[in-house]
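Contents: one structure, followed by commentary.
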Amino acid sequence: MRVAVFGLGYVGAVTAACLADNGHQVWGVDVDPGKVGTIRSGRSPVAEPGLHELIEQVVSAGNLRATTDPAEALMGADASILCVGTPSTIEGGTDLTSIHSVISDLARGLEVVAPAAGCFHAVVIRSTVPPGTVEECGRGLDGRLLEQGIRTGVAMCPEFLREGTGIADFYHPPYTVIGSTDADTLRSVRELFCFIDAPVKEVEPRTAEALKYACNAYHATKVSFANEVGRIFRRLGVDTREVMNLFCEDTQLNISARYLRPGFSFGGSCLPKDLRSLLHLARMESVDLPQLSGTLTTNRLTTTDVVERVLRAPGRTVALIGLSFKSDSDDLRESPYVDLAETLLGKGYEVRIFDPIVNPATLIGANRTYVESRLPHLRALFKKTLSDALEDSDVVIISYASDDIEHALLGAPPRRIIDLDGRLGSEVEALSGYEGVSW
Ligand SMILES: NC(=O)c1ccc[n+]([C@@H]2O[C@H](COP(=O)([O-])OP(=O)(O)OC[C@H]3O[C@@H](n4cnc5c(N)ncnc54)[C@H](O)[C@@H]3O)[C@@H](O)[C@H]2O)c1
C-alpha cells in the first residue's frame, strides 16, 4: 500500500520504517524540517535501538521518503497513519491540536491531489486520544471530500510499543486492535498490518481509544503499587524484592485476569480488614500510602454511586438478589451488599432480600454477629422465594446470577434492573430496564 505517516517522533519513525521494511511505499510527514531532513539523509530522528540501520536501509531502497508537505505525501496514498503528539494541556487535558491539524491537512490534501472518484482512503490514529476522537475526525473529513466522491474511514489502532524496544514491540504487540465498524476501513487496516503476527481485534472506536488509557493507567498503578509495598515493608525490615518476586509468581490471582472485571465494591472477611491493617502499619511508621488508602475511597464511592442511582429514580421498593460478599458463600462479613441494604433502609426504602445460599435462621458466630449489627431485622427483610422478592419491586439489584434468576427476570421484566455482577445473559441485558453498574 502507499501510506503517509504523520508525525516522525518515537512512534511515527518506528512505524514508517517498519511499514517500509515490509513492502509498503511510505511517505513520512512532519512539521519539523529537521526530522524530515534527518530521515531523507537515511538517519533516525530519535534514539531507538536498531532504528538508524533500518531507516538507512529503507530510505536507500526508496521505500521510505519524507516531506513537510502533506499533499506530496498524499499523492496516490491509500492510507494515512497519525502518530503526532497528544501532550497534556495546562489543565491536564489532552491537547488534540496536532490531530486536528493533520485532519485539516488531510481534508485539504486529498482535495488537492484529487484521487479517483469512488476511491477510499483509510485514516488510522496511532496517537493516544480520548474516546470520541475518531468520530470527531470522521466528521472533519466527510463533507467536501464526500461531495467529490472521495470516501474516507477513520480507525483507532492504539500503539503498544515502548521506547527502547520500539522495533521489537512494533512487530510483537499483544494484539492488533482496530477500532472501526466500517468494512472498507477494517479491510484497509488489516492489509496495512498483515505482516504482524498477532491476533486482530475489531472493536468499536471508543473501545480502542479507551483501551490505551486503561493500559497506561494500569501500568502506572502497578509501578506505584510495587513502590508503596516497598516503602512500607522496607521500614518493617522485610526483603521487599523477595516479596514482590513471589507475588509475581502467583499467576492464579495476582498476575492474572482475576479481579479485573468492572463491577461492584470488594468486601468479605479479608480484603477490607487486611487493607485497613496495612494502612494502620503505615500510619504507625509515618509512611503515606495514598494509592492503597485511595482504594478504600474508591470502594466506598462504588457503593455510593449505586445508592445515588436508586435515589434518583422513582419508587421506594428495592429487591436485592444476593447478599453474601461472594456467590455460593453465606459469609456476610463486610459484604458490600449488606452495606448497600443498610444504606437503602436508612433512606426509607423497603428492601426485600433473596439469596439462595444464605439462611438467616442458621447463621452462627462472627457471621451472625456482623449481620445483626448491621441489619438487625434481617429475617423480616428476607424473602423465601425469588418471586416474593421481585414482585412489584421498583428496582431489582442483582449481585448473584443464575439460570433461575435470568428466567424470572425474563418472565416478568422488572421496571429497572441494576446489574452489579455482569454475569446475566445477553437476553436480560437487552431488556429495556437493564443497566450495568459500570458498563
Ligand atoms: N512514545 C511512546 O512510547 C508511545 C507509545 C505508544 C503511544 N504513544 C502515543 O503516540 C503519540 C506520539 O508519541 P511520540 O512519543 O511519537 O511523540 P513525539 O513527540 O516523539 O512525536 C510527535 C511528532 O509529531 C510531529 N507533529 C506535530 N504536529 C504535526 C503535524 N500537524 N503534522 C505532522 N507532524 C506533526 C512533531 O513534530 C513530532 O515529530 C502520542 O499520542 C503518544 O501518547 C507514544
message: Can you return the lysines within cross-link range of K201? Criterion is Cα-Cα under 30 Å, with same-chain partners fewer than 8 residues away left out.
response: K212, K222
message: Suppose only helical runs count, i.e. DSSP H with n ≥ 4. What mean residue ellipticity at 222 nm does that imply for the chain under -39500 (n - 2.57) per run, divided by all residues and rounded to the nearest 500 deg cm²/dmol?
response: -14000 deg cm²/dmol
- request: Counting only DSSP beta bridges with both residues in the chain, tell me the antiparallel percent, nearest 5.
  value: 5
message: Give me the one-decimal nm value for the distance between modelled label points at D288 and A47, 7 Å along each residue's Cα-to-Cβ direction.
response: 3.3
message: Cut-off is 10 Å between beta-carbons; in what order do S277, S180, S44 appear when sorted fewest neighbours first?
response: S277, S44, S180
query: Once all Cα-Cα distances of the chain are split into 10 Å bins that start at 0, what whole-number percent is in each one?
result: 4, 17, 21, 18, 18, 13, 7, 2, 0
field: For the range 306-379, average projected area of the Cα convex hull in nm²
entry: 4.6
message: Please list, ordered by chain and number, the residues whose modelled amide H lies under 5 Å from the amide H of A79; skip anything fewer than 5 residues away on the same chain.
response: R2, A4, A122
- line: Computed over all unlike Cα pairs, the Kirkwood hydrodynamic radius of the range 205-260 in Å stands at 12.9
Sorted by Cβ neighbour density within 10 Å, fewest at the top, the residues T297, T38: T297, T38
- prompt: So between A61 and I357, what do we pick up on full extension, going 0.36 nm a residue minus the alpha carbon distance?
  reply: 99.6 nm
message: Averaging the inverse of every distinct alpha carbon separation and then flipping it gives the Kirkwood radius. What is it for the range 297-436, in angstrom units?
response: 15.1
field: Shape metrics for the range 102-155, restricted to C-alpha atoms - Rg then Dmax, Å
entry: 11.0, 33
- prompt: Modelled label-to-label distance, E111 and K273, 7 Å Cα→beta-carbon offset: nm?
  reply: 6.9
query: Computed over the Cα atoms of the range 154-276, what is the ratio Rg over Rh, Rh following Kirkwood?
result: 1.08
message: Can you give me the distance in nm between label points at V31 and D184, each placed 7 Å from the Cα along the Cα-to-Cβ direction?
response: 2.9
- prompt: Expressed in nm², what is the orientationally averaged projection area of the convex hull enclosing the Cα positions of the range 87-196?
  reply: 8.2
statement: Plugging the Cβ-Cβ distance of T297 and S329 into 1/(1 + (r/R0)^6) at R0 = 25 Å yields, to the nearest 0.05, a FRET efficiency of 0.45
Between the range 250-298 and the range 23-89, the Cα center-to-center distance that results, in Å: 46
query: What percent antiparallel are the DSSP beta bridges of the range 2-203, to the nearest 5?
result: 5
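From the gyration tensor of the Cα coordinates in the range 2-203, what semi-axes in whole Å does the equivalent ellipsoid have, largest first, with each one equal to sqrt(5λ)? The partial results should precede the final answer.
On the way: eigenvalues 112, 73, 63 Å².
Whole-Å semi-axes of the equivalent ellipsoid: 24, 19, 18.
No value in this document is a laboratory result; all are computed from the given coordinates. Keep in mind that this is a model prediction, so the values were computed, not measured. Here the Cβ is made from the backbone with ideal geometry for all residues, glycine too, and neighbour counts use every protein chain on show.
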